[in-house]
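Engineer: Sharing a structure with you now.
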Amino acid sequence: MYTHTFAIPTSLPTVFRWAVCCFLSTSSIAFAAEADRFAAVQVVAQPVGGNVYMLTGAGGNIGVSVGEDGTLIIDDQFAPLAERIQQAIDELGGDKPKIVLNTHFHGDHVGGNKALGQDTPIIAHENARKRLLGKRDTSDEAFRNSLPWITFDDDLSLHFNGEEIEIVHFPTGHTDTDCVLFFSKSNVVHMGDHFFNGRFPFIDLAGGGDVASYIDNVQTIIDRLPTDVKIIPGHGPLATLDDLKAFKAMLDETVGIIRDGIGVGKDEDKLQAEGLPDKYAEAGTGFVNTKRWIAIVFESLTR
Ligand SMILES: [Zn+2]
């Protein structure tokens, strides 16, 4: 998920998120807001499978592998939560992460790098580094140290805590920086933002994403997963393969409606007025509401 230079926690009610958004636009008070908006956030760990745990707080779901080789963390939410994230890891018997991995470049997945990634290898797809770096220089040491400094192009394997962790780049999906992690022995997959469990996904068209390609990527992942796999989505609760298939069916049906409408000459206003089937009302209660989902799909299919 991504909202330019910051991301509002999806756990907050919509009205409050808009309030935070307007509030943060006044930069002089943004710093105070940064600390305040995380004050009530609790970081909670739950077992997933084998060595792997899921941590929730604010922002993208965190995956953690804890074992004899040490601690690996996948995504790290926001820097103000770093102490709470580390405490949750400590309570699992882990320690300071030996490796930090970013599924993609959005701020609610990499914000903790500056705290948890100092003096630690940070791994991500090469496009994630490029997009995080942008036009900034690396003279600021803290910023430089928060960037992924081990990058890969198509895929990479880590051999850690008794299993192979396969990290695969899925291009032009949620962004052009996304990877999905497959834990061979724990039978777990971390999908990053290729999965918003039960909700319409945010697809970052300006960040290299594409709706049709996103759906293709989800199908490719479904095809390689065993039926009893445990899935950590980028957002939403821990999931099963059936949950992922339901997400895919929702994408297919809603995108199909919009594609068909475009095919018979409907413009976006007409498609917005018609909306989507009532059974998907719940899917529009997250970060991306129904109106925004229609807008994203329309733009992606017509640009
Ligand atoms: Zn994202």
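Engineer: Hey, among the residues in the range 15-65 that are more than 16 Å from the ligand (Cβ to nearest atom), hydroxyl-bearing (S, T, Y) and at pLDDT 95 or above, which one's surrounded by the most Cβ atoms within 10 Å (Cβ to Cβ)?
Structural biologist: S65
Engineer: Where residues in the range 144-162 are in contact with a strand residue (DSSP E or B) (Cβ under 6 Å, 6 or more places away or on another chain) and open to solvent by less than 20 Å² (accessible area, probe 1.4 Å), which of them is nearest to I296 (Cα to Cα)?
Structural biologist: P148
Engineer: Counting only residues that are touching a residue at least 40 places away in the same chain (Cβ under 8 Å), open to solvent by 20 Å² or more (accessible area, probe 1.4 Å) and assigned to a helix (DSSP H, G or I), how many does the range 186-212 have?
Structural biologist: Going through the range 186-212 one residue at a time, the tally reaches 2.
Engineer: So is A281 surrounded by fewer than 13 Cβ atoms within 10 Å (Cβ to Cβ), within 21 Å of the chain's Cα centre (by Cα) and without any contact (Cβ under 8 Å) to a residue 60 or more places away in the chain or not?
Structural biologist: no
Engineer: Pick from the range 174-185 the residues that are touching a helix residue (DSSP H, G or I) at 6+ places or on another chain (Cβ under 7 Å) and open to solvent by less than 10 Å² (accessible area, probe 1.4 Å): which of them is nearest to M54 (Cα to Cα)?
Structural biologist: This residue is V180.
Engineer: While we're here: Within 14 Å of the ligand (Cβ to nearest atom), outside any loop (DSSP other than H, G, I, E, B) and out of contact with any Gly (no Cβ under 9 Å at 6 or more places or on another chain): is that true of A124 in this structure?
Structural biologist: For A124, the condition - within 14 Å of the ligand (Cβ to nearest atom), outside any loop (DSSP other than H, G, I, E, B) and out of contact with any Gly (no Cβ under 9 Å at 6 or more places or on another chain) - is met.
Engineer: Those residues that are more than 15 Å from the ligand (Cβ to nearest atom) and either part of a helix (DSSP H, G or I) or within 12 Å of V180 (Cα to Cα) (or both), I need them from the range 226-246; list them, please.
Structural biologist: I231, L241, D242, D243, L244, K245, A246 - these are the residues of the range 226-246 that are more than 15 Å from the ligand (Cβ to nearest atom) and either part of a helix (DSSP H, G or I) or within 12 Å of V180 (Cα to Cα) (or both).
Engineer: Go through the range 74-94 residue by residue and tally those that are under 14 Å from Y53 (Cα atoms) and either within 16 Å of the ligand (Cβ to nearest atom) or in a loop (DSSP other than H, G, I, E, B) (or both).
Structural biologist: Of the residues in the range 74-94, 6 are under 14 Å from Y53 (Cα atoms) and either within 16 Å of the ligand (Cβ to nearest atom) or in a loop (DSSP other than H, G, I, E, B) (or both).
The values are calculated or read from the model by the stated rules, or taken from the named source; none is laboratory data. Model, not experiment: these values are computed from the prediction. Note: ideal-geometry Cβ built from the backbone for every residue, glycine included; neighbour counts use all protein chains shown. All accessible areas refer to the heavy atoms of the entire protein, side chains included, with ligands and DNA or RNA removed. Shrake-Rupley method; radii C 1.70, N 1.55, O 1.52, S 1.80 Å.
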